[in-house]
Amino acid sequence: MFNKLTDRFQQAFRSLTGRGHLTESNISDALNEIRKALLEADVNYQVTKQFVADVREECLGEAVMKSVTPGQQAVKVVHDKLVALLGESAVPLELSGSPAVIMLCGLHGSGKTTTSAKLALYLRDKQKRKVMLAACDVNRPAAIDQLEFLGKELGVPVFLDRDLKDVPKLALLAVDAARKQGCDTLILDTAGRLQIDQDLVQELADIKRRVQPKEILLVGDAALGQEAVSVAEHFDQALGITGIILTKLDGDARGGAALSMRQVTGKPVKFVTVGERPIDLEVFHPDRMAQRILNMGDVVSLVEKA
Amino acid sequence: MPSLFQFFQRGLQKTKTSLLRSLQGILGTQTGAWTAETYERLEAALIATDLGVEISARLVNEIRDRYERGLIATGEDVLAVARESILASLPTSSSPMHEAVAGPTVVMMVGVNGSGKTTSVAKLAHYFAASGKKVLLAAGDTFRAAGIEQLCIWGERVGCPVVAGKHGGDAAAVAFDAVRSGKQRGMDMVLIDTAGRQHTRRDLMAELEKVKRVISKEMPDAPHEIWLTVDASTGTNALNQAREFGKLFPITGLVLTKLDGTGRGGVVVAINEELGYPVRFVGLGEQVDDLQPFVATDFVKALFA
Ligand SMILES: Nc1nc2c(ncn2[C@@H]2O[C@H](COP(=O)(O)OP(=O)(O)OP(=O)(O)O)[C@@H](O)[C@H]2O)c(=O)[nH]1
Ligand SMILES: Nc1nc2c(ncn2[C@@H]2O[C@H](COP(=O)(O)OP(=O)(O)OP(=O)(O)O)[C@@H](O)[C@H]2O)c(=O)[nH]1
Ligand SMILES: [Mg+2]
Ligand SMILES: [Mg+2]
């Protein structure tokens, strides 16, 4: 499938770049291919439609049509617009407050617990923070054990209470514990939940009200399909998320969901995760993501050289 | 117990992505002839179910063809065409499970990270135990932090014994022990949980292959079934997952998980068309009884609800 996609792309770009001038119909053909490529990368339908319309408008403008290499300019427009939509460059975490509280949320199995541990390691080693993890998932069997294990492995303290089921209260106690132990950063791991599960989403809203996290990060699987928009919209409306973490990029999902989630919330993708080990966390790079979504890495660099 | 259809609809009612509603929006207000825009909106509605670009385009063509030949005229007709066409491409009755001639039937659960393997193993244990079978579980995920504990807790809840090794131990050895123990203890079924892995990881895929190989050493016709979990919120990548897992093992079925969410799992249609893997069960929540056998007519009805 991916080879087909690459071919499709190169075909589209060849039809653009091989010409001295462009017509509206050349552009339409190419845009049709790009539209398909985006949909096959699981970019949401509406987001795709808007994107293609924007690109079309810009390609038909003078800057492209009248340039010496209109086709290459058009390719660049696609790439640059995608990068712009994904966010120009990585946005750092907001870590004021003592402790600075970071809450992770998302669907079941998206990677929250693992990512909590990854973030703890990153903040400790790269930003010299003193980090504590808090086990706020009281639903999933052995969720607390999982976080406890990861904390031990990394040498990061974990706040937990196996008897307390009141999650907002757990979060408050964790803040106290972090203060007492001199930790300047507290990461809350929460249970997976559906964005449409009002009771469970309310639980997160209650945590937010009571501990005022500086960062509320939505953890989303790179393989999410067309529902990515609904997921991001609902979590954002209920909680006012501050950013997105895209997980499991070591698979071969093209990650179109990133574009959809970014687009509907306007919130930046801050990190991506690329494996199961605690070190597999990377700062997000919009240009790499754009190239991955379009599968057009080499095409762009060729254009840029030209 | 509510039907699959009712369950499924509960999730969908809470979103605005209901296909039925969008179709009504498209066609209910339509007065004149259907236009390019009608078909475009139709395609959008189909793609929203994660059926994929190809199948959606094919359905739209079919619908256009019938409309132009004067065979259909209403939104209800459109739904009927879509349903009929998808249903025709799904197997009417999925082939029965392979069962052991003698000794326990061994089922191995595989899939990408977080797709719902461990929970599904627990639900299946509950399901089969309820029909009077003696079920043994194997904690074949020795990699994930607390993966063993997670399965052991489930084992207790569903009242089934669990064979487990140590964290970081050899998964194949656990599976081997479980099958042997299942035979000795007169079990009817052995359900083997495995660690999640991306299908792109050669080394991890080879390890899974080894688990299977070692099982057949203890019991030549086992594993009798290898099921792939597919998260209903996954998009087109699930097709790749199915292809790659399928290259390594004879996948005999899918478990479509998290169908209680808003993801509709349309990608299983594409998987079924290309690879022929039937959906065996669907997961509809986090509790042990949130599992139902797959019923194609219900699924298709719900897909286009
Ligand atoms: N390959 C890969 N696996 C990942 C990555 N991030 C997380 N995982 C795996 O995905 C699975 C689920 O991760 P968790 O961190 O437990 O997910 P969660 O969101 O906490 O899950 P729940 O608490 O059940 O909702 C585990 O097997 C992780 O090892 C990643 O970047 N790459
Ligand atoms: N809503 C819902 N959640 C589910 C369903 N099935 C599993 N889950 C949840 O999804 C998360 C991941 O499930 P697991 O069974 O741990 O997934 P896994 O495939 O074993 O994960 P790894 O072993 O880490 O690869 C857990 O939070 C489960 O409770 C389902 O049908 N519906
Ligand atoms: Mg978790
Ligand atoms: Mg598991």
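The values are calculated or read from the model by the stated rules, or taken from the named source; none is laboratory data. Here the structure is a predicted model, which means the values were calculated and not measured. Note that each Cβ is placed from the backbone with ideal geometry, even for glycine, and that neighbours are counted across all protein chains shown. Ligands, DNA and RNA are excluded from the accessible area calculation, which covers all protein heavy atoms including side chains. Shrake-Rupley method; radii C 1.70, N 1.55, O 1.52, S 1.80 Å.
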What whole-number volume per residue, in cubic angstrom, does the convex hull of the C-alpha atoms of chain A give? 126 Å³
Once label points are set 7 Å from the Cα along Cα→Cβ at both B:Arg66 and A:Asp206, what is their separation, rounded to one decimal in nm? 4.9 nm
Before rounding to the nearest 500, sum -39500 (n - 2.57) across all DSSP H runs of length at least 4 in chain A and divide by the residue total; then give [θ] at 222 nm in deg cm²/dmol. -17000 deg cm²/dmol
For the range B:180-228, what is Rg from Cα atoms divided by 2.2 N^0.38 Å, rounded to two decimals? 1.27
Residue with peak Gaussian network fluctuation, chain B [Cα springs, cutoff 10 Å], from B:Gly25, B:Gly75, B:Gly140: B:Gly25
Please list B:Tyr39, B:Tyr67 in order of solvent-accessible area, largest first, computed with a 1.4 Å probe with all protein chains present. B:Tyr67, B:Tyr39
One finds the C-alpha centres of the range B:54-73 and the range B:202-260 to be spaced, in Å, by 35 Å
Pairs beyond 25 Å (Cα-Cα), from A:Lys152/B:Lys123; A:Lys118/A:Lys270; A:Lys118/B:Lys212; A:Lys81/A:Lys208; A:Lys165/B:Lys133: A:Lys152/B:Lys123; A:Lys118/B:Lys212; A:Lys81/A:Lys208; A:Lys165/B:Lys133
Would you compute, for the Cα atoms of the range A:197-269, the largest minus smallest coordinate along each principal axis and list the three values in descending order, in whole Å? 39, 22, 20
Share of accessible surface on carbon and sulfur in chain B, whole %, 1.4 Å probe and ligands ignored, is 51 percent
Please give the total accessible area that chains A and B bury against each other, computed with a 1.4 Å probe and expressed in Å² to the nearest 100. 3500 Å²
Quick one: helix B:53-68 against the long Cα principal axis of chain B, what's the angle to the nearest 10°, folded into 0 to 90? 30 degrees
Given the range B:105-294, what percent of its DSSP beta bridges are antiparallel, to the nearest 5? 10 percent
Can you sort A:Glu24, B:Glu209, B:Glu274 by 1.4 Å-probe accessible area, starting with the largest? A:Glu24, B:Glu274, B:Glu209
Would you mind getting the Kirkwood hydrodynamic radius of the range B:105-294 from its Cα pairs, rounded to one decimal in Å? 16.2 Å
Helix-only [θ] at 222 nm, chain B, -39500 (n - 2.57) per DSSP H run of 4+, per residue, nearest 500, equals -14500 deg cm²/dmol
Going 7 Å from the Cα of A:Arg162 along its beta-carbon direction, which residues of the range B:135-162 have the amide nitrogen within less than 13 Å of the resulting point? B:149-150, B:153
Rounded to 0.05, the calculated FRET efficiency for the beta carbons of B:Thr74 and B:Glu273 at R₀ = 35 Å is 0.80
What does the charge count around A:Lys152 come to, taking other residues whose C-beta lies under 14 Å from its C-beta (Lys +1, Arg +1, Asp -1, Glu -1)? -4
Mind listing, in residue-number order, the residues in the range A:86-108 that have at least 20 Å² less accessible area with every protein chain present than in their own chain alone (1.4 Å probe)? A:His108
Residue-level accessible surface for B:Ser89, protein heavy atoms, 1.4 Å, Å²: 30 Å²
Under the rule rounded for a/c under 1.5, else prolate if a/b exceeds b/c, else oblate, using alpha carbon gyration tensor axes a ≥ b ≥ c, the protein assembly as shown is classed as oblate
Label point distance in nm, A:Leu95-B:Thr200, each placed 7 Å from Cα along Cα→Cβ: 2.8 nm
